[in-house]
Amino acid sequence: MSEVKLSAEVRTEFGKGAARRIRREDKVPAVLYGHGTDPVHITLPGHDLLLALRTSNVLISLDIEGKSELAIPKAVQRDALRQGILKHVDLLLVKRGEKVNVEVPVVAEGELAPGANLLEHVLNALPVEAEATHIPESLSVSIAGLEAGASVLAKDIALPSGVSLAVEDDTVVLQVLAAQAEEAPAEAAGDEAAEA
């Protein structure tokens, strides 16, 4: 799990106008909350935060005017048209050794059985409980040789030590579907003529 250090400034201005001014300075408005404390409104460096958020569930070490805090992203608002523009970020305070519930991306590896089968990701990310400083970046699952009708359940995915499922064991994560064959229009027209 990667840890990224960012410098933050406490924010005293609120509202759309203040948020626009902050974004014009290549900074991102954010709020830091958790552990029963009052929310702290901060600004973060835009480019550095964007790079950090490329890793899901990144652990962010914040330097807030000399005080150090650990946090993970809880909600990220991006510009609807330009995904590279961050509008606002909610950060959850965490402590070393503390367990948190997060969603970890599922990565399918291998090739399905021969045939025109399709792999459906029922869940793109698996809800798990893990120590805040040891959240896996992704979970790999082998789909090698799976045929139509096969499913991969949450309990079938190997989890690193210290990580446990935050969903039912029998939750379907991946399933293999048989490709639907489309009926050719010419054959359909021929069948209708034969019936008449």
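Some points to look at:
- Of the solvent-accessible surface of segment 60-149, computed with a 1.4 Å probe over protein heavy atoms with every protein chain present, carbon and sulfur atoms account for 49 percent.
- Extended-chain gain in nm, criterion 0.36 nm per residue less alpha-carbon gap, Ala116 and Ala75: 11.0 nm
- The chain, relative contact order [Cα under 8 Å, separation at least 6], %: 17
- Put simply, the amide H of Ile42, placed in the peptide plane, has neighbours under 5 Å in Arg11, Ala30, Val31, Leu32, leaving out anything fewer than 5 places away on its chain.
- Stretching the chain fully between Ser151 and Thr171 yields a gain of 6.2 nm (0.36 nm per residue, less the alpha carbon separation).
- Residues of type lysines that Lys155 reaches as a straight line, Cα spacing below 27 Å, ignoring anything fewer than 8 places off in the same chain: Lys74, Lys99
- Between helix 185-195 and the chain there is an angle of about 40 degrees, using the helix long axis and the longest principal axis of the Cα atoms.
- Mean projected area (nm²) of the alpha-carbon convex hull when segment 19-120 is viewed from all directions: 9.8
- Whole-Hz ³J(HN,Hα) from phi, Karplus 6.51 cos²θ - 1.76 cosθ + 1.60, for segment 32-39, glycine and proline x: 10, 9, x, 6, x, 8, 5, x
- Working ranking of peptides 101-113, 21-33 by packing, defined as the average number of other Cβ atoms within 10 Å per residue, highest first, is 21-33, 101-113.
The values are calculated or read from the model by the stated rules, or taken from the named source; none is laboratory data. Fair warning: this is a prediction, and the values are worked out from it, not measured in the lab. Note that each Cβ is placed from the backbone with ideal geometry, even for glycine, and that neighbours are counted across all protein chains shown. With ligands, DNA and RNA removed, areas are computed over all heavy atoms of the protein, side chains included. Shrake-Rupley method; radii C 1.70, N 1.55, O 1.52, S 1.80 Å.
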